[in-house]
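Step one of this worksheet: look at the structure below.
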Amino acid sequence: MNRRYLVLVALIFFSIEMFSQDPVLKIESTGLCQSDTATVPLNSMELNNVGAITLYINFHSGSVKFKGIANIHPLLKNGLMYNSTVSPPRISIVWSSATGINL
């Protein structure tokens, strides 16, 4: 009986691992007219026990001008740093924490 129980627990564990989703960070395409200001959301799924995130987002500087970061998730407010570079036109976003978070 104990062996059957252990095999069942092992099968349940492996099936949970097999069907869990991969972590995803996604930026949706956003259309806008010239001189409009747009907020482009960064959505996350299955980010569990994350202690650090580093993102580099390239953009076409002839079409878009980076203004800043807004509407920061409350769990990311502490430890968030960002910078915008001209060559290449890119936004660098870095966040880290001593304790993991789930997004």
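The values are calculated or read from the model by the stated rules, or taken from the named source; none is laboratory data. Everything numeric in this text was worked out from a predicted model, so none of it was measured. Neighbour counts run over all protein chains shown; Cβ positions are idealised from the backbone, glycine included. The accessibility values were calculated without ligands, DNA or RNA, using every heavy atom of the protein model including side chains. Shrake-Rupley method; radii C 1.70, N 1.55, O 1.52, S 1.80 Å.
Keeping every protein chain present and rolling a 1.4 Å probe, give me the accessible area per residue for region 36-103 in Å².
Here the residues of region 36-103 average 73 Å² of exposed surface.
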(request) Pop out the carbon and sulfur fraction of the accessible area of region 51-96 as a percent, whole number, probe 1.4 Å. (result) 55 percent
(message) I need the trypsin sites (Lys or Arg not before Pro) found in region 42-103, filtered to DSSP loop residues with at most 11 other beta carbons within 10 Å of theirs.
(response) 65, 67, 77
